[in-house]
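To keep things clear, I will list the structure first and then write my remarks on it.
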Amino acid sequence: MESLFGDLFDDLESKSARFADVILPVPIPKMFTYKIPKSLEGEVGIGFRVMVQFGSKKVLTGIIGKVHQKPPKEYEAKPILDVLDSYAMVNPLQIKFWSWMAEYYCCHIGEVMNAALPAGLKLSSESKIQLNPTFDTETSPYPLDEREEVILQALASKSELSYDECEQLLGIKSIHGIIKSLVIKEAIIVFEQVKDKYTPKVESRIRFSQPFVEDRKSLETLFDELSAKPKQEEILLKYLQEVPIYQRPELNVKGLDKRIFADAGLSMSSLKTLIKNGVLEEYKLIISRFEEIQGNDEEVTLSEEQNRAIEEIKSSFQEKQVNLLHGITGSGKTEIYIKLIEEAIASGSQVLLLLPEIALTTQIVSRLQKVFGSKMGIYHSKFSDNERVEVWNGVISGKFSFVVGVRSSIFLPFDSLGLIIVDEEHESSYKQFEPSPRFHARDAAIMLSWLHQAKTLLGSATPSFESYFNARIKKYGYVQLLNRYGDASLPEFLISDILVDKKKQLLKLDFTRLMREKIQEALNNQEQVLIFQNRRGYAPYISCEDCGWIPECEHCDVSLTYHQYSEEMRCHYCGFKEKIPKVCPACGSGKLSAVGLGTERIEESLSLLFPEARIARMDLDTTRSKYGYQRILEDFGAGNVDVLVGTQMITKGLDFDRVTVVGILDADRILYFPDFRAGERAFQQITQVAGRAGRREKRGVVIIQSRKPDHFLFDQVIKGDYKGFYLQDMAERQKFFYPPFVKLIKVSCRHKDYKLAEKAARHLHNLLLEVQVKKIMLGPEKGLIGKIKNQYIFETLVKLDKSGNAQAIFKHELRRILESMYANKEFRSVRIIIDVDPY
DNA sequence: AGCACGCCGACT
DNA sequence: GTCGGCGTGCTC
C-alpha cells in the first residue's frame, strides 16, 4: 500500500518537475540547477545522465541528483541540452549513498560521482571544429594566412577536426590563436562533441542469406555451381558442418563466428566472394566480455562448527545489522560465505562480497565461480573500462545478482541488496587515500547496507580493533570459528635473534642460522618456503660508506629506494627515477653500498645461499601486468618454485599445502612503525603470514627474525592470544586518546612554498581550535613525509569526542572554515586535504 | 578544475 | 605596437 502511493507520488512529481539538480564533475561542493525543457519532460529523472552547458562554452555530462519545481531565485537556470540514457544509470539509493559519503568524508558529491562511475560511463567532451556552411572563400572580406588555408583545406575533405588533429596538421603547439582567428573570420564553427567511451565488444558472424535457408532447392543448385570452385565450396561445407541448417534452420539466425573459418585455414578471399555474391552475409553481434560459466551448484559440505556458525550468524542478524565473523586462518570462512550468499540470492536479494585487491585474483574467486557461475559478476581494478561497464549494466539488468569486487564495487547500481560481506575486514587497502573521496570501503559498506536495510558480515582472522571493539560493546554481533578446517594444526613459532647471530658471525646475507637451517630442511624434503619482507626494491636506500651521503628524491622528502634489477633508484611516492651514481656526488668516494633489505635483495641472497633452489619474487614490480600475479601463483602452486619471496601480497589467498616454512626477515620494521596502529598491524601481519604455513598434513614452522625477540607482541602472536593483545593495546589507546575512543580527522595543507604551507596550516589550526566541541588537537606539524611531489605538507590531527553530535558540529564548522580559507587571497592556492578516519 | 578577463614583459 | 605570461573570479 505504502509503496504504491510512494510510486504514484514520485510519478506525479517527476511529471510536473521543471528543474533538475545536476551533479557535475567539478570541485564545487554543490549541485547545479538546470531547467528541464518541455521536450524532455517525462524523459528524465533521478540518475539519468544529461548534457548541460557549464560556463560559457564547456559542455559537461552530469547525473541528475534531484528533480523539483522550485525555480532558483538568484539566477536564471540554463536548460538541459540532452539526455543520454533511456533508463537511469544510477538509482536513487545510490544518490543517497553518494550524498552520505560526501557529507561524512567532507568532500564534494562530484568527487564521489567521479569515483563511483566507471570511466566508460563518464562522457568525455572534446572541442572540435567544422566548416561554417555560410562561409565562402571568394566572398569573405577577411584574407586568410597560409596556416589558416591548410586547416580549411583539411576541412574540405574531413567534415570535422579535433584540436589535436589541427596541431598535428600544422606541426605547432598552440593552435588556439589560429582557431580563434578563423572563428572571428566566420570560417569555422567550434563545437563540443560528447562521446560515449563504452564500446560494446562485437564479433563478426557469418550466415547464409535468407533465400538459401528458405529454399532448399536453391542451395542445391548453388552447390552444383560451386563444384568448380572448391575453395568456396569448402567454406560452405564447413558452415553446414557447424550449423546444420537442413535439420535446424533456426540456427542460421545466429550463424557462425567469422574467425572459425580463418582458424580452419580456409580462404578468406573466397569467403569475401561468397558475401559479395550474396550467398553468405556478415553481421556484427554484440557479445559479452565475460565467458559464460555454468555454475554447478556443487554441494558444499560443512563441518559441524561451520553449521553452528551459520546458525549463530543468522540468529544474530535478527537483531543486529552487522556481524563480525572471527575465524582463524584456514577455518573455512569461504564455505560459510557461500551458504549465506546462496540463501540471500534465493530470497531474491542482491549480494556483494568485498575482497581486498590482491585477494581477488586467487583461488577464492574461481571457487565462487564454480558455485555461482555467470550470475556472479567480478569487479576488479585490473579490468578494462569496458569490462566494468558491463558489470555495471549487468547489475542493472539483473544478470548479476551477486558481485565479488574490490572496494570500488560498493558503487555498483544495486537496488535491493540483502547481504554485504566484507572479507579480510581489517585490510588497510579498503581505505582509499588518494584521491578524494578518502573513504573506507568497510565503513561505507555498512552504511550502504543500512540504506538497503540489508545485513553486513565482516570476516577476518585478525579483526580490526574497531570492529572487535564494536562487537564487544554489542553494537555488532560476534561469531567465532575456533578450529582449523580439516583439523590442520597451527604452526610452530620460532624467534631468531638477529643480534646474537651477528655477534657470533652466524648471520649470512641477513639470514640467521636457524632460518637457513629450516629453509634447507624444507628444500631437502621437497617442501615450499615463503619469505616475507614488506619492502620492495633491492634495498631501502644506498649510502656512502665514507661520508654517509644518502640519495634523496628531488620532489619528495624521502630517500630513493635502490632497485638493482633495473639499475636505478626510485621514489616510491612520485615515481621519480635516477641512475645509480658510480661515485658519491658528495665526497667522490666510490664506496656506495646498499643499506637495509628489500625483496630483490633477499631474492639475490637466497640464490647465493641456496644455489639449487628455484626462487621467485612477488611484489608490485613483478605483478604489474594483468595476469602477473596469477602467473606467479600458478607457478608456485604447480611446484615450479621452491622459495617465494614477497611483500604483503603473499599473505593473501595463498593456500598451498606444500608450504611448511614461513620466514619473516625483519619483524622489527613492522613493529616500530610510527603510528598508533603499529601494534595492531604487526599482530595482524605476522598472524596472517604465519597462517600460510602447514595447512594440511604437516605442521608448519614460522621463523621470525628480530633484534628484539623479547617483545611482548611475539609472545601473544605465538599463543594466538588476540584478545590479550587487544586488551593491552586498547588500554594504551584509551590513555592517549586514539580510536576507537575518539574520532580522528586529519587536516593537511599542501603547497610548493614551504613557508606558505606552514603559515596556512597554522592559520587553519587556529580557526579549528575555536570550534566549540570537545576535542584534542595535535600539530600543525610537518608531515611524516614532509614533501611529496614538490609539495610541502603540514598536518593537524583532530581527535574528536565520539559522544553526542561533536562530529556533526565539527564537520559543519570545518566546511565554513574551509570556505573562509579559500576566500582568503593569501591561502587561495594552498591545497587543503581532509581525511576522515585516516590510517 | 577549466576558462575568461585583465594587466605587465620580450618579440615581429 | 602585439603575443602571451599567470593572478583572480565564476560556473546553475
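No lab work stands behind these numbers, since they all come straight from the coordinates. Everything numeric here is computed off the predicted structure, so don't read it as measured data. Cβ sites come from the backbone with ideal geometry, for glycine too, and all protein chains shown count toward neighbours.
Gain on full extension, evaluated as 0.36 nm per residue between A:Lys180 and A:His68 minus their Cα-Cα distance, stands at 36.4 nm.
One quarter of the convex hull surface built on the alpha carbon atoms of chain A amounts to 49.0 nm², the projected area averaged over directions. Here the Kirkwood formula, the inverse mean of 1/r across different C-alpha pairs, assigns the stretch A:742-836 a hydrodynamic radius of 13.3 Å.
Counting charges near A:Ser384 (Lys, Arg +1; Asp, Glu -1) among other residues having Cβ under 12 Å from its Cβ returns a value of +3. A cut-off under 13 angstrom between Cβ atoms defines the neighbours of A:Ala344, and their net charge, with Lys, Arg +1 and Asp, Glu -1, is +2. Here the convex hull built on the C-alpha positions of the stretch A:304-485 has a volume of 114 cubic angstrom per residue. Loop-located chymotrypsin sites (Phe, Trp or Tyr not before Pro) in the stretch A:730-760 (DSSP state not H, G, I, E or B) with no more than 14 neighbouring Cβ atoms inside 10 Å: A:Phe736. Between the stretch A:684-713 and the stretch A:777-795, the alpha-carbon centres lie 35 Å apart. Loop-located GluC sites (Glu not before Pro) in the stretch A:316-355 (DSSP state not H, G, I, E or B) with no more than 12 neighbouring Cβ atoms inside 10 Å: A:Glu319. Close amide-amide hydrogen proximity is noted between A:Ser589 and A:Cys584, each under 5 Å apart and 5 or more residues distant or on a separate chain (H modeled in the peptide plane; Pro and chain starts excluded). Sorting the segments A:500-506, A:745-751 by their residues' average number of neighbouring beta-carbon atoms within 10 angstrom, most packed first, yields A:745-751, A:500-506. Here the label points at A:Asp145 and A:Lys399, each 7 Å from Cα along the C-beta direction, are separated by 5.3 nm in the simple model. For a label point 7 angstrom out from the Cα of A:Cys547 toward its Cβ, which stretches of the stretch A:588-607 have the backbone nitrogen within less than 18 Å? From the stretch A:588-607, the list is A:588-594.
Residue pairs exceeding 32 angstrom between C-alpha atoms, taken from A:Lys57/A:Lys825; A:Lys58/A:Lys158; A:Lys122/A:Lys276; A:Lys185/A:Lys752; A:Lys96/A:Lys626; A:Lys73/A:Lys802: A:Lys122/A:Lys276; A:Lys185/A:Lys752; A:Lys96/A:Lys626; A:Lys73/A:Lys802. Taking 29 Å as the limit for the C-alpha separation, the pairs A:Lys475/A:Lys799; A:Lys518/A:Lys579; A:Lys314/A:Lys370; A:Lys508/A:Lys582 exceed it in the case of A:Lys518/A:Lys579.
Residues whose amide H comes within less than 5 Å of that of A:Lys197, counting only those at least five positions distant or on another chain, are A:Ser124 (H built at 1.01 Å from N in the peptide plane). Calculated FRET efficiency, A:Cys587 and A:His555, Cβ-Cβ r, R0 22 Å, to nearest 0.05? The value I calculate is 0.35.
Can you tell me the mean projection area, over all orientations, of the convex hull of the stretch A:352-445's alpha carbons? Units nm², please.
5.9
Strictly greater than 16 Å: what percent of every Cα pair in the stretch A:347-393 meets that? Could the numbers behind the result be given before it?
Details: 490 of 1081 pairs.
Across the stretch A:347-393, Cα pairs with separations above 16 Å total 45 percent.
This model, with +1 at the C-beta of Lys and Arg and -1 at the C-beta of Asp and Glu, gives the stretch A:2-117 a dipole about its Cα centre of some 520 debye. Peptides A:225-232, A:553-560, A:365-372 ordered by packing proxy, namely the average of other Cβ atoms within 10 Å per residue, highest first: A:553-560, A:365-372, A:225-232. For the stretch A:540-595, the alpha carbon positions stretch 29, 24, 16 Å along the principal axes, listed from largest to smallest. Cβ-Cβ distance of A:Arg831 and A:Ser384, R₀ of 41 Å, FRET efficiency by 1/(1 + (r/R0)^6): the value works out to about 0.85.
For A:Asn790, the residues 5 or more places off, or on other chains, whose built amide H falls under 5 Å of its own are A:Cys556. Residues A:Lys58, A:Lys66, ranked from the fewest to the most other C-beta atoms within 10 Å, line up as A:Lys58, A:Lys66. Estimated from the Cβ-Cβ distance and a Förster radius of 30 angstrom, the FRET efficiency linking A:Glu319 and A:Lys735 is about 0.35.
Computed over the alpha-carbon pairs of the stretch A:536-656, the distance histogram in 10 Å steps reads 13, 37, 30, 16, 4, 0 percent, short to long. The average projected area of the stretch A:252-407, computed from the convex hull of its Cα atoms over all directions, is 13.3 nm². Evaluating 6.51 cos²θ - 1.76 cosθ + 1.60 at θ = phi - 60° for every residue in the stretch A:51-68, the Karplus couplings come out as 9, 9, 8, 10, x, 6, 9, 6, 10, 10, 10, x, 10, 5, x, 6, 10, 6 Hz, glycine and proline recorded as x.
Would you work out the Kirkwood radius for the stretch A:425-471? I mean one over the mean of 1/r across all pairs of different Cα atoms, in Å. Result for the stretch A:425-471 stands at 11.5 Å.
Sequentially through the stretch A:461-472, phi angles give Karplus couplings (6.51, -1.76, 1.60; θ = phi - 60°) of 7, 9, x, 5, 5, 4, 5, 5, 4, 4, 5, 5 Hz, Gly and Pro residues having no value and appearing as x. At 7 Å along Cα-to-Cβ for each site, give me the label-to-label distance between A:Ser99 and A:Gln453 in nm. With each label point 7 Å from Cα toward Cβ, the separation is 1.9 nm. Neighbour counts of other Cβ atoms within 10 Å put A:Phe465, A:Phe532 in the fewest-to-most order A:Phe465, A:Phe532. Estimated from helices alone, the mean residue ellipticity of chain A at 222 nm is -10500 deg cm²/dmol (sum of -39500 (n - 2.57) over DSSP H runs with n ≥ 4, per residue).
With an 8 Å Cα cut-off and a minimum separation of 6 or more residues, compute the relative contact order for the stretch A:388-547 in percent. Once divided by the residue count of the stretch A:388-547, the mean separation gives 15 percent. Legend note: in chain A, cysteines whose Cβ sits 4.7 Å or more from every other cysteine Cβ are A:Cys106, A:Cys107, A:Cys166, A:Cys574, A:Cys749. When you work out D = kT/(6 pi eta Rh) for the stretch A:232-325 at 37 °C and 0.692 mPa s, using the Kirkwood radius from C-alpha pairs as Rh and the Stokes-Einstein form, the result is 178 µm²/s.
Please rank A:Asp675, A:Asp710, A:Asp715, fewest neighbouring Cβ atoms within 10 Å first, as an exposure proxy.
Going from least to most buried by this count: A:Asp710, A:Asp675, A:Asp715.
Against the compact-protein benchmark of 2.2 N^0.38 Å, the Cα-based radius of gyration of the stretch A:582-652 scales to 1.42.
Once you sort the root eigenvalues of the Cα gyration tensor of the stretch A:587-628 as a ≥ b ≥ c, which label holds: rounded (a/c under 1.5), prolate (a/b larger than b/c) or oblate (the other case)? Verdict is oblate for the stretch A:587-628. Among the trypsin sites (Lys or Arg not before Pro) found in the stretch A:550-593, those both in a DSSP coil and sparsely packed, with 15 or fewer other Cβ atoms within 10 Å of their Cβ, are A:Lys582, A:Lys591.
The relative contact order of the stretch A:2-117 comes to 30 percent, based on Cα pairs under 8 Å that sit 6 or more residues apart.
For A:Leu240, what charge total do you get from the other residues with a beta carbon under 14 Å from its beta carbon, if Lys and Arg give +1 and Asp and Glu give -1?
Working: positive: A:Arg207, A:Arg216, A:Lys238, A:Arg248; negative: A:Glu220, A:Glu233, A:Glu234, A:Glu242.
Local charge sum for A:Leu240: 0.
How high is the relative contact order of chain A, in percent, with contacts defined as C-alpha pairs under 8 Å that are six or more residues apart? Reported as a whole number, the value is 9 percent. Considering all C-alpha pairs of the stretch A:2-117, those separated by over 17 Å amount to 54%.
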